Amino acid sequence: MNISVIGTGYVGLVVGACLAETGNNVCCADIDQRKVDRLKKNDIPIYEPGLGTLVERNQKEERLTFTTDLEAAIASAEVIFIAVGTPPGEDGSADLQYVLQVADLIGRHMTREIVVVTKSTVPVGSAEKVGKAVSKEAKFPFHLCSNPEFLKEGAAVEDFMRPDRVVLGVNSAHARKVMTELYAPFVRTGKPILLMDIASAEMTKYAANGMLATRISFMNEIANLCDKLGANVDFVRKGIGSDSRIGQSFLFPGPGYGGSCFPKDVKALVKIGQECGVELDVLAAVESANNRQKNVLLGKVRHALGSSLEGRRVAVWGLAFKAGTDDMREAPSLTLIEGLLGDGASICAHDPAAMEHTRSLLGNRIDYAETNYEALAGADALVVVTDWNEYRHPDFERVKRTLNQPVVVDGRNLYDVEKMRELGVRYHSIGRPSA
């Protein structure tokens, strides 16, 4: 099948590479010449495990191409995925200007009957607006599909190739036939393709992210309460997660969620509710709770080192909002770093993937270490912000020797409290007893 993907950001690039991997001819188009030139050289602009291998293999086998010629990409396609950004406005609503610009181009340059797929995260009713924009100059029949993505950064390739489910909102039998055929190779193990109306598909994306964000913020608040009451959130998490109605996923406390999806989608869903006259009080509280949670680690550092951090040095392990990605959007590390700098502390940070992105945001306001142990030199405390695998089992004797004093603030509850006590580490985590 001839497929074009408009937009080579995180979603578009994963979609294009994975669809090419199953034998389709995929053209990924973007107006950013520099990005396209990099991709042609197999230089992947984002950190996503496995993605570079797919791009290189499918370019070599001529199933995957990159171009800045959007008109040609549209003209050659049977299915067109719109995967451009929908940045949040000041009021939290999703900005559809780029989506509608692409829709207008599709109407002017399509050369056959096509299926137009909205892959960008868009509010309910967006596909209808896309359809109106395409129809202004369309000379051929077209069909609409809403196909929301459920990709976890750090595991996006695996999520696309082996999805829990594929959600397809379609407005015609033709779109249903084409899209189920396109996704059939990805659901051979029996995972469902869920066919529904377009509005329901658009709503499903927001509802899923809203639910996951709610679980995170709920568990963070329970952890904060455990801190005050002397309970251990590890036991609480296992106790409630063993209930089949609840389950274990997304119940690990931490420094707050970040990234490109949860913060943006929760804001957008609250805004959608307001526009419809429906107050989404739970989600509004989720957003407020997450904003507070991002300051929890700063409070723990202040508690561990004393009320004044003037002249203190802090080592930070982990900058990306989660392990497996270099994404710094809404990263809790940024809130911590700004707070520490505001208190007069200096910082040396390490991250396996996000150093370049952090430099572009913070410049020389902090120091950067080549290794996680190098970040400890001369530091009065270590703060673990992101749960990268290489931070899970460090050489604690080396950590103690290198730090000025054995103080560890663990924002991901990676380490065992009793072990830290035995090692003589002054240890603080989230929702568990201190050592």
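The values are calculated or read from the model by the stated rules, or taken from the named source; none is laboratory data. Small disclaimer: the values here were computed from a predicted structure and weren't measured. Cβ: placed from backbone, ideal geometry, glycine included. Neighbour counts: every protein chain shown.
Quick rundown of the values:
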{"read-out": "When residues of region 215-252 are limited to those that are touching a residue at least 60 places away in the same chain (Cβ under 8 Å) and not hydrophobic (A, V, I, L, M, F, W, C), the one nearest to HIS303 (Cα to Cα)", "value": "ASP227"}
{"read-out": "Residues of region 416-435 classified as surrounded by fewer than 22 Cβ atoms within 10 Å (Cβ to Cβ) and hydroxyl-bearing (Ser, Thr, Tyr), total", "value": "1"}
{"read-out": "Region 124-148 residues that are farther than 18 Å from ALA199 by Cα, paired with ones that are surrounded by fewer than 21 Cβ atoms within 10 Å (Cβ to Cβ) and not polar (S, T, N, Q) (beta carbon under 6 Å, 6 or more apart)", "value": "GLU137/ARG108; PHE140/ARG112; PHE140/GLU113; PRO141/GLU113"}
{"read-out": "Test: residue in region 238-252 that is within 30 Å of ASP91 (Cβ to Cβ), within 20 Å of the chain's Cα centre (by Cα) and part of a loop (DSSP other than H, G, I, E, B)", "value": "yes"}
{"read-out": "Residue check for ARG38: charged (D, E, K, R) and more than 24 Å from ARG329 (Cβ to Cβ)", "value": "no"}
{"read-out": "Any hit, region 314-337, residues being crowded, with 20+ Cβ neighbours inside 10 Å, aliphatic (A, V, I, L, M), within 27 Å of the chain's Cα centre (by Cα) and part of a helix (DSSP H, G or I)", "value": "yes"}
{"read-out": "Given (1) over 25 Å from the mean Cα position of the chain (by Cα); (2) closer than 13 Å to VAL316 by Cβ; (3) in a helix (DSSP H, G or I), number of the condition ASN364 does not satisfy", "value": "(2)"}
{"read-out": "Residue within region 131-144 that is exposed (fewer than 14 other Cβ atoms within 10 Å of the Cβ) and either under 26 Å from THR386 (Cα atoms) or touching a helix residue (DSSP H, G or I) at 6+ places or on another chain (Cβ under 6 Å) (or both) present", "value": "yes"}
{"read-out": "Conditions (1) crowded, with 24+ Cβ neighbours inside 10 Å; (2) of a type outside the set (Lys, Arg); (3) over 26 Å from the mean Cα position of the chain (by Cα); (4) more than 30 Å from ILE347 (Cβ to Cβ): number failed by LEU269", "value": "(3)"}
{"read-out": "Sole residue being in contact with a strand residue (DSSP E or B) (Cβ under 8 Å, 6 or more places away or on another chain) and modelled with pLDDT under 95, chosen from SER434, SER429", "value": "SER434"}
{"read-out": "Options ALA379, ALA353, ALA375; residue that is modelled with pLDDT of 95 or more, crowded, with 20+ Cβ neighbours inside 10 Å, among the small types (Gly, Ala, Ser) and farther than 11 Å from ALA315 by Cβ", "value": "ALA353"}
{"read-out": "Options VAL36, VAL26; residue that is over 21 Å from the mean Cα position of the chain (by Cα) and surrounded by fewer than 24 Cβ atoms within 10 Å (Cβ to Cβ)", "value": "VAL36"}
{"read-out": "Matching option when the condition is of a type in the set (A, V, I, L, M, F, W, C), more than 30 Å from HIS303 (Cβ to Cβ) and at pLDDT below 95, among VAL270, VAL282", "value": "VAL270"}
{"read-out": "Leading residue by the ranking (farthest from TRP388 (Cα to Cα)) among those in region 49-87 that are aliphatic (A, V, I, L, M) and assigned to a helix (DSSP H, G or I)", "value": "ALA75"}
{"read-out": "Matching option when the condition is out of contact with any strand residue (DSSP E or B) (no Cβ under 6 Å at 6 or more places or on another chain) and modelled with pLDDT under 95, among SER333, SER360, SER308", "value": "SER308"}
